């Protein structure tokens, strides 16, 4: 298992830039998702259980798992991008390891490789039940940096 | 490009079984998604644009794209499963090909290979804008059949 | 199932450029792979059966399937790149649909979306046995164009 | 980053069973690959540089990277399977993080989740150059256990 690499930020105001972008995502609000952790190259998103977020067996729907893991990867990558850039998911792959049965879903993402144009990210998703966390999914994703474009006006 | 294979159904009541399962998914209701096409080995899911479904640039969020493409793959596979089975997504990979800017998002899935335990599925996602459809994503997924388990009680 | 799009080439000498690059790949020679089809946005690679190419059941090894499908995707993308560019696989995902038992393995790739920096490609792999082809794998891949770099000197 | 889980073996003779299967893979012999590490739920495969294993820039070909990472995942999973079983890769996704330039390529795989039928595996691939290792790829794969079938006779 590799150690997490450390990364230098290009934009000292990255926290505000990422939080502003997250706040503009209508879907994160609809899901009740919260961006609770943010460091250079990492991001954590949490969402509490509600019946509106379920699949047919009343567990968290894989669509929620995928959505918050994808957003966590994108924002982990976005912490390392310059001020005048926007972030775009190129692709991701997710393995659903166990039913997401619990009170809260937690996606923790980190940048694995930080290229200038592409950032490769990984996310682990956990479900918390009766106070204990267990892993329910793992994601591998490719995120693109579009420079010279504001994340707000695109 | 391969022709779509034709498949024999094992459960003549598959339409009702799939629609019942879809109706129990709280997330599909929250997104406003509709299961509009269902044939042996294929499924189509549509969702209309709302600001609640957006990413930061006010296009459809990739989380919505992934969620309906995943559900379409799962239900395309579920049409071919026996009556006393439930359906489980093992994993999927999605490439986001273009911004999902438009009035409606349409995921069309079909089974590529139908094994007894695993079904390999593919989905193409289109966005409709001003009456014209353009492709915005493609998914490849692995879906598992759990026999001897009801989709309702699991 | 989408129609294959048509693409404009940027380098009229693309055939020679792609064939030169293929000829420099030691692994393709070791596998006995041949680049037999090449059109704008498509490529086909074939390899004949030998015991040296097998997995433990004496079928074609998935490593051969993956290698020729990856190269076919890369060269399908490379047909559309400018003269002063080199090609790089960012990532791929492959589903192995059936045992690759037969006399010849055939990977047919095409570009699904041709962006300036990234090309999204798909490949279907077939195995020919007793004169009949059947599909044994499907790949989805992301290929990057590095401009201002020669494919030879990098 | 999760801790590696520990797994119980079902077949105390797993080492011999895995090594026998590896020895029957013609491709691993052709590549010069060696199975050097094997513990319950983990496997390591190494291959030394030769010009026959290159892509067009004379680095290790991604096909070699994919082949040994796939085999390492399959054999990491196979350590945990019963005696009368065979192993099958369902699918994998690989991200190529950096050019594989060096003297030796090393794939280290471990099982992430061990279900009865499916094992989800992860592999990290490193390239050793001038004595130092750097990561060049990461893989996520789904491996299937076929029980009641000998790995030799299938």
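Checked against (1) crowded, with 19+ Cβ neighbours inside 10 Å; (2) under 11 Å from the mean Cα position of the chain (by Cα); (3) farther than 12 Å from residue D:105 by Cα, residue D:14 meets all criteria but (2). Flag: residue C:76 does not match the condition of being facing another protein chain (nearest Cβ under 8 Å) and either surrounded by fewer than 24 Cβ atoms within 10 Å (Cβ to Cβ) or in contact with a strand residue (DSSP E or B) (Cβ under 9 Å, 6 or more places away or on another chain) (or both). Screening segment A:42-56 for residues that are buried (at least 20 other Cβ atoms within 10 Å of the Cβ) and out of contact with any helix residue (DSSP H, G or I) (no Cβ under 6 Å at 6 or more places or on another chain) and picking the one that is nearest to residue A:118 (Cα to Cα) gives A:44. Might you check whether a residue that is over 11 Å from the mean Cα position of the chain (by Cα), more than 10 Å from chain B (Cβ to nearest Cβ) and surrounded by 17 or more Cβ atoms within 10 Å (Cβ to Cβ) occurs anywhere in segment A:20-39? No, segment A:20-39 has no match at all. The set of residues in segment A:127-154 that are surrounded by 20 or more Cβ atoms within 10 Å (Cβ to Cβ) and in a strand (DSSP E or B) comprises A:127, A:136, A:137, A:138, A:139, A:140, A:141, A:142, A:143, A:144, A:145. Here segment B:41-50 is the region considered, the condition is being more than 9 Å from chain A (Cβ to nearest Cβ) and without any contact (Cβ under 8 Å) to a residue 60 or more places away in the chain, and the residue that is nearest to residue B:25 (Cα to Cα) is B:47.
Here residue A:89 meets the list (1) more than 9 Å from chain B (Cβ to nearest Cβ); (2) in contact with a helix residue (DSSP H, G or I) (Cβ under 8 Å, 6 or more places away or on another chain) almost entirely, failing just condition (1). If you go through segment C:51-71 and keep only what is more than 7 Å from chain D (Cβ to nearest Cβ) and within 12 Å of residue C:32 (Cα to Cα), you end up with just C:68. What about residue C:111, is it within 24 Å of residue A:141 (Cβ to Cβ) and at the interface with another protein chain (Cβ under 8 Å from one of its Cβ atoms)? In short, no. Scanning segment C:92-108 for residues that are within 14 Å of residue C:139 (Cβ to Cβ) and more than 7 Å from every other protein chain (Cβ to nearest Cβ) yields C:100, C:105, C:106, C:107, C:108.
Take residue D:121 and tell me if it is more than 9 Å from every other protein chain (Cβ to nearest Cβ), assigned to a strand (DSSP E or B) and closer than 24 Å to residue A:113 by Cα. Criteria met by residue D:121.
For residues that are farther than 30 Å from residue B:99 by Cβ and either surrounded by fewer than 24 Cβ atoms within 10 Å (Cβ to Cβ) or free of Cβ contacts under 8 Å to residues at least 60 places away in the same chain (or both), tally how many sit in segment C:86-126. Counting residues in segment C:86-126 that are farther than 30 Å from residue B:99 by Cβ and either surrounded by fewer than 24 Cβ atoms within 10 Å (Cβ to Cβ) or free of Cβ contacts under 8 Å to residues at least 60 places away in the same chain (or both) gives 12.
Quick note: the coordinates plus some simple rules give every number you see, no bench work behind them. In this text the structure is predicted, and so the values were computed from the model without any measurement. Using ideal geometry, Cβ is built from the backbone for each residue, glycine included, and neighbour counts are taken over all protein chains shown.
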